[in-house]
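Here's the structure we're looking at; comments come further down.
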Amino acid sequence: MEYTGLNNYVRLFNDITFFKSIGNTLIFLVIHIPLQIIVALFLAEILNQKIKLMGAFRGAFFLPVIVSGVVVTILWQQLYGYDTGLLNRLLTGIGLGKIGWLTDPNIAMTSIAVMATWKNVGLYIVLFLVGLQTVPVQYYEAADLEGANHWQKFFKITLPMINPTIFMVVILSTIGGFSLFIEPYIMTGGGPLNSTVSAVLYIYKQGFFYYHMGYAATLGLFFALIILSVVVIQKKFIEKDN
Amino acid sequence: MASIAPENEIGSLTIVPTSLTLSSYEQMVDKIPIGGAFINSLIVASSITIGVLVFGSMIGYALSKLVFKGRDLIFYVIIFTMTLPFQITLIPQYIIMVKFGWIDTYWALIVPYLINALSIIMFRQYFKSISDSLIDAARIDGCNEIQIIFRILWPNSMPAIITIGIITFMASWNEVLWPLIVIRDESLMTMPQLVTLFAVGGRAESQLGVKLASAVMLALPIVLAYLFFQKYFIQSMASTGIKE
């Protein structure tokens, strides 16, 4: 076995598309994670109030989580399609122009991020629900006595108390987001002008489409190191926020 | 939004179908071996689940109840493996499969997933809460270690087994990337994999209905299972926080 040594690394650092794929993945995360947290937290708050319907809604929201990403992607393709997609047909129906959800390089990744949020929000709603229910009721009662309104209660009591849950949600969605593969693969195959190529998709193509095995392995290692650093940074960042 | 369940108009492009037809499903069954793929997924997912439960509980037992040198060290190593993103192991694992000659076989799909760090950790955790005296009594009665695991521990750990079982089954059923890598033979493909290739590879020939039909078929088993076991599903996934 011959060692190509550092050749692969040299190649890596000259590979613009690879860095673009990492960038795409990061764009995805930057959109997906805050969206996820806001939506999930919001819905969890609402569900937390009306305990009667909670079971049914929770069940409905959770369904997309366990359904295969393949199915969700095919479904959303029907929404996002340029000419035949539901969204654009609605838009033209009311007289507005079509939007290139998947054909515009600037918004393709965002479209995928929104879909991913829809798919996984149920899991995070459930996690947040659990977290919300651990906040002692006395805190809220004390706040009520002092005349606090809903927003104050939320920002001063709820948020700090569920910090561990928020942290867990961030880490989970980060790690999950880094493995983004099947959605871009089915949706756009890498997308308009490589705007939706996720890192894993790129590695997959290098290894199994072009059969650059050694190179793909190098890419994988490099990418894994990036993931580790991001997670470590996040840990430091969010634990300081405490 | 939650009401957009995976049900689609069949065979028609309008928003409200003018007539329901099963012809899409017929075409789909003709074009791709969807039934075979379903069985493949079933075999693979079940084998992995059973394997994970068996091995996970065995290792978890050893790590929680037995005493031997290096026990804690092994445990930390196992935890460490969980921190490594799968992207690194993807290619090397593929190469191993090639060297073993396991490409295009069930082995490639099942074996890499048999030992699952998460299940080991969960089993270990759960077993710790089972009293030692129960196990000692069994030993006195002459049980060997294997019997202890399956006759004593398992019946007492049903919640853990159900949780881990559901998660494992679901995760392996939905797994697509790995099958795409190691399986080229259509008769061995798992269901998500087949549907993916069908949707992406143009075999659908821009016939929307057939594409959607296959997607529905893929979603159906999980949705049905979910409807029956909803409570367990949510509990399981929430307690470990895994997302698909």
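Taken over the stretch B:93-117, the criterion of being surrounded by 19 or more Cβ atoms within 10 Å (Cβ to Cβ) and not in a helix (DSSP H, G or I) is satisfied by B:Asn116 alone.
Elements of the type helices (runs of 4 or more DSSP H) sitting completely within the stretch A:1-110 and holding at least 1 residues that are modelled with pLDDT of 80 or more, at negative phi and within 19 Å of the chain's Cα centre (by Cα): these cover A:16-49, A:51-66, A:69-80. Restricting the stretch B:167-196 to residues that are among the hydroxyl-bearing types (Ser, Thr, Tyr) and closer than 24 Å to B:Ile120 by Cα, the residue that is farthest from the chain's Cα centre (by Cα) is B:Thr168.
If you go through the stretch B:151-172 and keep only what is closer than 14 Å to B:Val52 by Cα and either among the hydrophobic types (A, V, I, L, M, F, W, C) or free of Cβ contacts under 8 Å to residues at least 40 places away in the same chain (or both), you end up with B:Trp154, B:Ala160, B:Ile161, B:Ile162, B:Ile164, B:Ile166, B:Ile167, B:Phe169, B:Met170, B:Ala171. Taken over the stretch A:191-216, the criterion of being in contact (Cβ under 8 Å) with a residue 12 or more places away in the chain, hydrophobic (A, V, I, L, M, F, W, C) and in a helix (DSSP H, G or I) is satisfied by A:Leu193, A:Ala199, A:Val200, A:Leu201, A:Ile203, A:Ala216.
Okay, residues lined up against (1) among the aromatic types (Phe, Trp, Tyr); (2) more than 9 Å from every other protein chain (Cβ to nearest Cβ); (3) surrounded by fewer than 21 Cβ atoms within 10 Å (Cβ to Cβ); (4) touching a Cys at 6+ places or on another chain (Cβ under 9 Å):
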| position | (1), (2), (3), (4) |
| --- | --- |
| A:Val30 | no, yes, yes, no |
| A:Leu35 | no, yes, yes, no |
| A:Thr73 | no, no, no, no |
| A:Gln77 | no, no, no, no |
| A:Leu86 | no, no, yes, no |
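The number of residues in the stretch A:162-189 that are free of Cβ contacts under 8 Å to residues at least 60 places away in the same chain and within 11 Å of another protein chain (Cβ to nearest Cβ) comes to 9. Restricting the stretch A:133-153 to residues that are among the polar types (S, T, N, Q) and outside any loop (DSSP other than H, G, I, E, B), the residue that is surrounded by the fewest Cβ atoms within 10 Å (Cβ to Cβ) is A:Gln138. Could you go through the stretch A:202-218 and let me know if any residue there is within 14 Å of chain B (Cβ to nearest Cβ) and over 26 Å from A:Tyr9 (Cβ atoms). No, the conditions are met nowhere in the stretch A:202-218. Pairing each residue of the stretch B:85-106 that is touching a residue at least 60 places away in the same chain (Cβ under 8 Å) and among the aromatic types (Phe, Trp, Tyr) with any residue that is part of a helix (DSSP H, G or I) and surrounded by fewer than 16 Cβ atoms within 10 Å (Cβ to Cβ), provided the two are 6+ apart or on different chains, yields C-beta distances under 9 Å for B:Trp102/B:Ile96; B:Tyr106/B:Ile43. Hey, any hits in the stretch B:40-52 for a residue that's in contact with a Gly (Cβ under 9 Å, 6 or more places away or on another chain), at pLDDT 75 or above and either buried (at least 19 other Cβ atoms within 10 Å of the Cβ) or within 18 Å of B:Pro221 (Cα to Cα) (or both)? Scanning the stretch B:40-52, I find at least one residue that is in contact with a Gly (Cβ under 9 Å, 6 or more places away or on another chain), at pLDDT 75 or above and either buried (at least 19 other Cβ atoms within 10 Å of the Cβ) or within 18 Å of B:Pro221 (Cα to Cα) (or both), so the answer is yes. Consider the stretch B:203-237 and keep the residues that are at pLDDT 70 or above and small (Gly, Ala, Ser). The one that is surrounded by the fewest Cβ atoms within 10 Å (Cβ to Cβ) is B:Ala225. Pairing each residue of the stretch B:49-73 that is at negative phi with any residue that is surrounded by 16 or more Cβ atoms within 10 Å (Cβ to Cβ) and among the basic types (Lys, Arg), provided the two are 6+ apart or on different chains, yields C-beta distances under 7 Å for B:Gly60/B:Arg124; B:Leu63/B:Arg124; B:Ser64/B:Arg124. So, in the stretch B:132-166, exactly how many residues are under 18 Å from B:Tyr113 (Cα atoms) and more than 20 Å from the chain's Cα centre (by Cα)? Qualifying residue count for the region: 0.
The values are calculated or read from the model by the stated rules, or taken from the named source; none is laboratory data. Fair warning: this is a prediction, and the values are worked out from it, not measured in the lab. Glycine gets a Cβ as well: all are built from the backbone with ideal geometry, and neighbour counts include every protein chain shown.
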